[in-house]
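Single-structure report; data block below.
The values are calculated or read from the model by the stated rules, or taken from the named source; none is laboratory data. Remember, it's a predicted structure, so these values are computed and weren't measured experimentally. Note that we place each Cβ from the backbone using ideal geometry, even for glycine, and neighbour counts take in every protein chain shown. Surface accessibility is based on the protein's heavy atoms, side chains included, excluding ligands, DNA and RNA. Shrake-Rupley method; radii C 1.70, N 1.55, O 1.52, S 1.80 Å.
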Amino acid sequence: EWFHITRIFGLSSPRSLNNIALKLLELPIQSKQAQMTEILLQQVACIAFDDLGMSRGASGMTSMIHYRLFEKQCLPLIKKYSSEIDFYAKSLCLSETQAVIAGIEESFSENIPNTLVQFLIVESIALEIVNMMYPLYMGCSDIYKDETMIEYITLHQKIEGEHSLESLKMIELYLDILPNQREVIGHLLQLRLVPWKKFWERSEQLLFHD
């Protein structure tokens with residue numbers, strides 16, 4: 001489930017750069033709004049490029065595209081315990097997972113507020129997700145001998161705190177540019193959280209109750 005979510009996030013978020021760039025082309029070059037929107041474009045690019053494995057401040061290295069890191073991490077576990085699972089079949093994902101994926105794709109193909117809200121949601125929960133993954137993978141000591149085998153987790157433990165703060169700063173910057181959009185951001189946040197809430201509720205049910 002998480003492979004398809006992290007993959008669509010990594011491949012969809014760069015599309016938002018085009019939306020922001022097109023908005024910039026509409027603005028007077030010397031305007032304060034244009035200058036602040038340029039900073040917003042840079043901040044979005046930083047997070048998007050991190051997920052593509054590019055080198056910059058937060059990651060400090062060039063690595064594989066991050067969903068490929070997760071794939072590399074998962075395959076030994078699947079090979080040992082669940083060899084019959086088709087890891088790549090998105091059609092086999094839970095309906096709740098598919099709803100999250102659809103929401104991510106939609107957010108990054110729409111306007112700037114949708115993009116910023118989706119960044120805030122994903123980056124705010126990502127650190128908690130990888131922290132929860134860590135003991136699960138390291139508990140399989142017969143497969144994962146050391147932390148070098150779970151680079152997806154250890155890398156994201158280093159960068160997700162920064163991504164979360166950056167995502168919040170992007171919202172704050174956008175509202176500095178357009179303070180009348182505060183209610184719009186609040187409404188979108190509630191809307192975009194719905195599929196995520198259902199996804200976590202379904203995951204909890206499968207993991208702890210079924």
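A few comments on the model shown:
- ILE104 vs. criteria modelled with pLDDT of 95 or more and crowded, with 19+ Cβ neighbours inside 10 Å: yes
- Boolean, ILE177 is out of contact with any strand residue (DSSP E or B) (no Cβ under 6 Å at 6 or more places or on another chain), at pLDDT 95 or above and either open to solvent by less than 60 Å² (accessible area, probe 1.4 Å) or under 16 Å from PHE3 (Cα atoms) (or both): no
- Odd one out for VAL130, checked against (1) assigned to a helix (DSSP H, G or I); (2) out of contact with any His (no Cβ under 8 Å at 6 or more places or on another chain): (2)
- In segment 39-87, the qualifying residues are those that are loosely packed, with under 15 Cβ neighbours inside 10 Å and in contact with a Leu (Cβ under 9 Å, 6 or more places away or on another chain), and the one that is modelled with the lowest pLDDT is MET61.
Residue-wise test of (1) of a type in the set (S, T, N, Q); (2) touching a helix residue (DSSP H, G or I) at 6+ places or on another chain (Cβ under 6 Å); (3) modelled with pLDDT under 90; (4) open to solvent by 80 Å² or more (accessible area, probe 1.4 Å).
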site	(1), (2), (3), (4)
TYR134	no, yes, yes, no
MET138	no, no, yes, no
LYS145	no, no, yes, yes
SER167	yes, yes, no, no
MET170	no, yes, no, no
VAL184	no, yes, no, no
LYS197	no, no, no, yes
LEU206	no, no, yes, no
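- Segment 195-205, residues that are without any contact (Cβ under 8 Å) to a residue 40 or more places away in the chain and among the hydrophobic types (A, V, I, L, M, F, W, C): TRP200
- Search result, residues across segment 109-152 that are under 21 Å from the mean Cα position of the chain (by Cα) and of a type in the set (Asp, Glu): GLU110, GLU123, GLU128, GLU151
- Hits in segment 112-142 - residues which are without any contact (Cβ under 8 Å) to a residue 40 or more places away in the chain and among the aromatic types (Phe, Trp, Tyr): TYR134
- Among the criteria (1) under 17 Å from the mean Cα position of the chain (by Cα); (2) closer than 20 Å to ILE129 by Cβ, the one LYS169 does not fulfil is (2).
- All positions within segment 147-165 that are charged (D, E, K, R) and crowded, with 16+ Cβ neighbours inside 10 Å: GLU151, GLU160, GLU162
- Looking only at segment 11-28, and only at residues there that are touching a Phe, Trp or Tyr at 6+ places or on another chain (Cβ under 6 Å) and more than 17 Å from LEU178 (Cβ to Cβ), the one that is surrounded by the fewest Cβ atoms within 10 Å (Cβ to Cβ): ARG15
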